[in-house]
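Participant: Below is one structure. I have some questions about it.
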Amino acid sequence: MNKFLTMGMAGAFAAGLSFAAFAQDSASTEVSTAHAHALMAQSAKNIATAHEHLHHVVNCLVGANGAGFDAKAGDPCKGQGNGAIPDSASNEALHSKLENALSDAQSGLKSDSLATVQQDAGKAAATLQDTGSQAKKASGGYSW
């Protein structure tokens, strides 16, 4: 009986590690997609396009069930995970950086100045680039 209990506990532990690795890998994919959209917002030629891409950044970071998610804006991270922030909950440093990128993206969404939106998008992109490397390393992947 103890043998089965030990095997069951070992299996549960391995499954937990697999889930944590999956969540970290999901976060790195979502961070990569959010980073790409932050760069698109930064180089946008008009405010509507810049805002659209910043909405994509927010949606990738918070996930479909997160505060600030806007389904009308589109979800380029659909099927990649539950949102980079929820998927990184077990990594406090990564989670904190993603919250900073979210704050920058949300700040850009509040502005009607293309220059300000581009500046905020650039801040989010820089944070996401640094964060993406950290997320990849945490999941055992390669940095980009």
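Participant: Can you find a residue that is part of a helix (DSSP H, G or I), of a type in the set (D, E, K, R) and modelled with pLDDT under 95 anywhere in region 3-16?
Facilitator: Going through region 3-16, the residues part of a helix (DSSP H, G or I) turn out to be 3-16.
Those left that are additionally of a type in the set (D, E, K, R): 3.
Restricting the remaining residues to those that are modelled with pLDDT under 95 gives 3.
Among the residues of region 3-16, at least one is part of a helix (DSSP H, G or I), of a type in the set (D, E, K, R) and modelled with pLDDT under 95, which makes the answer yes.
Participant: Consider only pairs whose beta carbons are under 9 Å apart and that are at least six residues apart or on different chains; among these, list those whose first residue lies in region 40-66 and is over 12 Å from Ala124 (Cβ atoms) and whose second residue is of a type in the set (S, T, N, Q) and not in a loop (DSSP other than H, G, I, E, B).
Facilitator: Ser43/Gln118; Ala44/Gln118; Gly66/Asn59
Participant: Go through region 87-100 and give me each residue that's under 15 Å from Ala67 (Cα atoms) and crowded, with 20+ Cβ neighbours inside 10 Å.
Facilitator: Listed by number, the residues that qualify are Asp87, Leu98.
Participant: If a residue has to be charged (D, E, K, R), in contact with a Gly (Cβ under 9 Å, 6 or more places away or on another chain) and either touching a residue at least 60 places away in the same chain (Cβ under 8 Å) or outside any helix (DSSP H, G or I) (or both) to count, how many in region 108-133 make the cut?
Facilitator: The number of residues fulfilling the criteria is 1.
Participant: Additional query: May I ask you to list pairs of residues, at least six apart or on different chains, whose Cβ atoms are under 9 Å apart, with the first in region 82-107 being on the phi < 0 side of the Ramachandran plot and part of a helix (DSSP H, G or I) and the second being surrounded by fewer than 23 Cβ atoms within 10 Å (Cβ to Cβ) and among the acidic types (Asp, Glu)?
Facilitator: From residues that are on the phi < 0 side of the Ramachandran plot and part of a helix (DSSP H, G or I), the pairs are Ile85/Glu99; Asp87/Asp25; Lys97/Asp130.
The values are calculated or read from the model by the stated rules, or taken from the named source; none is laboratory data. Small disclaimer: the values here were computed from a predicted structure and weren't measured. Virtual Cβ from ideal backbone geometry, glycine too; neighbours counted across all protein chains shown.
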